[in-house]
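Visitor: Take this structure, written in structure tokens, and hold onto it; I'll ask about it next.
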Amino acid sequence: MQIPGHIDPVPVARDFTPRADGRVDLIGLPRARIAELFAEAGLDPRQAKLRAKQVFHWLYHRGVTEFEAMTDIAKPMRPWLTERFVIGRPEVVEAQHSTDGTRKWLLRTPDGHDFEMVFIPDADRGTLCVSSQVGCTLNCTFCHTGTMKLVRNLTPGEIVGQVMLARDALGEWPRGRMDVAEEEDEAEYTSDGRLLTNIVMMGMGEPLYNFDNVRDALRLVMDGDGLALSKRRITLSTSGVVPMMARCGEEIGVNLAVSLHATNKQVRDEIVPLNRKYGLEQLLEACAAYPGASNARRITFEYVMLKDKNDSDDDARELVRLINQFKLPAKVNLIPFNPWPGAGYECSSPERIRRFSEIVFEGGISAPVRTPRGRDIDAACGQLKTAAEKKSRAQLDREQAAVAAGHDAQAAE
Ligand code: SAH
Ligand code: SF4
């Protein structure tokens, strides 16, 4: 999957550091793995399976962070669990609030990598924008995240941990019945009145370059006895990793968003360099074949509005033509370019964006303009970038060693 070079450089994937105290973090693990760990720690297989089912429910459905809170687990069993396991959450380094209500969290992995997550409240829903990697190996020219040098895939626990942290912060874990639910399905868990109703894999990173971990995390999110969010409320955005798109549809079945951004090879090669590897036609064919796409569940094409680059009337008409040519059930999201220091682009004028949108609408395709959110705290699309790349690899290794030795990472600086 990884092709060295400018288009697709090899990610700097390093193993994350095991905890110094030897305990295992359960967050990110499925039921079956939890049962295996319980059996390895000495429970007989039947007990292990039963306990795993109970613990799974407490972890992912109720959101408890201590084994002591698991009231249907026998009292002596709880310290047994505490000695061997932990219930982790990503460390919060900073939490920011935008004037428009958008919230951004700077988070840190146990081995000292920083990444971000964003919550965008609206009148009728609330969307959590989740990161899949620290940084991104792709170099889309208009994206701040793409300029980060350090890259590491986030683990399933670090991905589902973002959603869990958001539920913590918003106080949105289901209350009520304290025993293990018999068969609780997602229908019982409605979005009525909730703040966090939707998830988009549109934070840092290319989710289809970390597919296995993203899939495992989203399975926990979609599990009726887990976070119980319907796949219809989850959207994964890709810059066009064609070979992974079918698996995404088959194995997780979430909504697909594709960062199209251009309608011809020349411009797309320039601004989304991955296009040199997987060209427009191939990409649109993969979209046409995306499992589960239909008029009821359309594919979203994201289109960033860059002044004098991709925003002409001809571009808009070509966009309509392509969508029709490939018979795609599609809608288009026009994203005004969000500036960042040193970016070589300007956002198209509001009149230009309006005209572009009109042409696409006239072609029979919905093309709303996305209102930028959280720009004042650099939380808008493409603005996410942490200071992680300012640290040298040696510094990170020192911090990692300090964490492993049980010291405060900062003390090693
Ligand atoms: N890597 C994935 C998902 C994360 S980016 C992808 O590229 O699809 C989420 C969206 O924000 C993408 O459509 C991306 O192209 C867009 N984006 C990136 N930088 C932007 C910027 N500066 N202004 C507006 N949108 C941007
Ligand atoms: Fe990576 Fe997406 Fe940014 Fe491109 S737009 S550099 S794929 S995060």
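Visitor: For segment 65-162, please list each of the strands (runs of 3 or more DSSP E) lying entirely inside it that holds at least 1 residues being within 16 Å of ligand 1 (Cβ to nearest atom). Explain how you work it out, then say what you get.
Guide: Working: elements: 91-97, 103-108, 114-121, 126-129.
Result: 103-108, 114-121, 126-129.
Visitor: Restricting to segment 327-345, what's the tally of residues that are closer than 17 Å to HIS261 by Cα and either surrounded by fewer than 16 Cβ atoms within 10 Å (Cβ to Cβ) or charged (D, E, K, R) (or both)? Steps first, please.
Guide: Keep residues of segment 327-345 that are closer than 17 Å to HIS261 by Cα, which gives 328, 330-339, 343-345.
If we keep only those that are either surrounded by fewer than 16 Cβ atoms within 10 Å (Cβ to Cβ) or charged (D, E, K, R) (or both) as well, we get 331, 344.
Residues in segment 327-345 being closer than 17 Å to HIS261 by Cα and either surrounded by fewer than 16 Cβ atoms within 10 Å (Cβ to Cβ) or charged (D, E, K, R) (or both): 2 in total.
Visitor: Let me ask you something else. ARG393: modelled with pLDDT of 95 or more and over 22 Å from ASN255 (Cα atoms), yes or no?
Guide: Values: modelled with pLDDT of 95 or more: no; over 22 Å from ASN255 (Cα atoms): yes.
Considered against the rule, which asks whether it is modelled with pLDDT of 95 or more and over 22 Å from ASN255 (Cα atoms), ARG393 comes out as no.
Visitor: Sort out which residues of segment 91-115 are open to solvent by 20 Å² or more (accessible area, probe 1.4 Å) and under 20 Å from VAL24 (Cβ atoms), and write them in order of number. Quick ask: steps written out before the conclusion?
Guide: Applying the first criterion (open to solvent by 20 Å² or more (accessible area, probe 1.4 Å)) to segment 91-115 yields 91-97, 99-101, 103, 106, 108, 110.
Across segment 91-115, the qualifying residues are GLU91, ARG108, PRO110.
Visitor: Of all residues being polar (S, T, N, Q) and open to solvent by 20 Å² or more (accessible area, probe 1.4 Å) in segment 130-142, which is farthest from ligand 2 (Cβ to nearest atom)? Just the residue, please.
Guide: So in segment 130-142, the residues polar (S, T, N, Q) come out as 131-133, 137, 139, 141.
In the following step, the residues that additionally are open to solvent by 20 Å² or more (accessible area, probe 1.4 Å) were identified as 139, 141.
On the way: ASN139: 6, THR141: 9 Å.
Filtering segment 130-142 for residues that are polar (S, T, N, Q) and open to solvent by 20 Å² or more (accessible area, probe 1.4 Å), the one farthest from ligand 2 (Cβ to nearest atom) comes out as THR141.
Visitor: Something else now. Which of (1) open to solvent by less than 20 Å² (accessible area, probe 1.4 Å); (2) not assigned by TED's automatic domain parsing to the domain that holds GLY161 does PRO76 not meet, given it meets every other one?
Guide: The failed condition is (1).
Visitor: Tell me, which residue of segment 300-326 that is part of a strand (DSSP E or B) and surrounded by fewer than 22 Cβ atoms within 10 Å (Cβ to Cβ) is farthest from ligand 2 (Cβ to nearest atom)? Spell out the reasoning first.
Guide: Initially, segment 300-326 is screened for residues part of a strand (DSSP E or B), giving 300-306.
Still in the running and surrounded by fewer than 22 Cβ atoms within 10 Å (Cβ to Cβ): 300, 302.
Numbers: THR300: 14, GLU302: 9 Å.
Of everything passing the filter in segment 300-326, THR300 is farthest from ligand 2 (Cβ to nearest atom).
Visitor: So which helices (runs of 4 or more DSSP H) are wholly in segment 195-275 and hold at least 3 residues that are within 14 Å of ligand 1 (Cβ to nearest atom) and in contact (Cβ under 8 Å) with a residue 12 or more places away in the chain?
Guide: In segment 195-275, the matching helices (runs of 4 or more DSSP H) lie at 242-251, 265-271.
Visitor: Let me ask you something else. Can you tell me which condition LEU284 does not meet? The list is (1) surrounded by fewer than 19 Cβ atoms within 10 Å (Cβ to Cβ); (2) part of a helix (DSSP H, G or I), and all the others hold.
Guide: If we test LEU284 against (1) surrounded by fewer than 19 Cβ atoms within 10 Å (Cβ to Cβ); (2) part of a helix (DSSP H, G or I), just (1) comes out false.
Visitor: Could you list, ordered by first residue, the pairs with Cβ atoms under 8 Å in which the first is in segment 328-348 and β-branched (Val, Ile, Thr) and part of a loop (DSSP other than H, G, I, E, B) and the second is at pLDDT 95 or above and within 16 Å of ligand 2 (Cβ to nearest atom), at least 6 apart or interchain?
Guide: So the pair list comes out empty.
Visitor: Could you check segment 93-117 and list, in sequence order, the residues that are more than 17 Å from the chain's Cα centre (by Cα) and farther than 20 Å from PRO372 by Cα? Walk me through how you get there before you give the answer.
Guide: Here is the first cut: in segment 93-117, the residues more than 17 Å from the chain's Cα centre (by Cα) are 93-101, 110-112.
Passing the criteria: VAL93, GLU94, PRO110, ASP111, GLY112.
Visitor: Considering segment 143-164 alone, what residues qualify as being open to solvent by 20 Å² or more (accessible area, probe 1.4 Å), among the hydrophobic types (A, V, I, L, M, F, W, C) and modelled with pLDDT of 95 or more?
Guide: Of everything in segment 143-164, nothing turns out to be open to solvent by 20 Å² or more (accessible area, probe 1.4 Å), among the hydrophobic types (A, V, I, L, M, F, W, C) and modelled with pLDDT of 95 or more.
Visitor: Same structure, new question: List every residue pair whose Cβ atoms sit under 8 Å apart, with the two residues 6 or more apart in sequence or on different chains, where the first one lies in segment 287-305 and is without any contact (Cβ under 8 Å) to a residue 24 or more places away in the chain and farther than 28 Å from PHE142 by Cα and the second, anywhere, is within 13 Å of ligand 1 (Cβ to nearest atom) and of a type in the set (Phe, Trp, Tyr).
Guide: none
Visitor: Output the number of residues of segment 250-262 satisfying the condition of being surrounded by 19 or more Cβ atoms within 10 Å (Cβ to Cβ) and more than 20 Å from LEU334 (Cβ to Cβ). So that I can check it myself, show each step before the final result.
Guide: Quick first cut of segment 250-262, residues surrounded by 19 or more Cβ atoms within 10 Å (Cβ to Cβ) only: 252, 254-262.
Retained after the next criterion (residues that are more than 20 Å from LEU334 (Cβ to Cβ)): 252, 254.
Total meeting the criteria: 2.
Visitor: Does any residue in segment 354-373 that is surrounded by 13 or more Cβ atoms within 10 Å (Cβ to Cβ) come within less than 6 Å, Cβ to Cβ, of a residue that is among the polar types (S, T, N, Q) and in a strand (DSSP E or B) six or more places away or on a different chain, and which pairs are these?
Guide: Note: pairs meeting the criteria are ARG370/ASN333.
Visitor: State the number of residues belonging to segment 206-247 that are open to solvent by less than 40 Å² (accessible area, probe 1.4 Å) and of a type in the set (Lys, Arg).
Guide: Residues meeting the conditions: 1.
Visitor: For the structure I just gave you, tell me whether PHE56 is within 29 Å of LYS385 (Cβ to Cβ) and either in contact (Cβ under 8 Å) with a residue 12 or more places away in the chain or part of a loop (DSSP other than H, G, I, E, B) (or both). Show your work before the answer.
Guide: Values: within 29 Å of LYS385 (Cβ to Cβ): no; either in contact (Cβ under 8 Å) with a residue 12 or more places away in the chain or part of a loop (DSSP other than H, G, I, E, B) (or both): yes.
So PHE56 fails the test.
The values are calculated or read from the model by the stated rules, or taken from the named source; none is laboratory data. Just so we're clear, the structure is a prediction, and the values are computed from it rather than from any experiment. Using ideal geometry, Cβ is built from the backbone for each residue, glycine included, and neighbour counts are taken over all protein chains shown. For accessibility, only protein heavy atoms count, side chains too; no ligands or nucleic acids. Shrake-Rupley method; radii C 1.70, N 1.55, O 1.52, S 1.80 Å.
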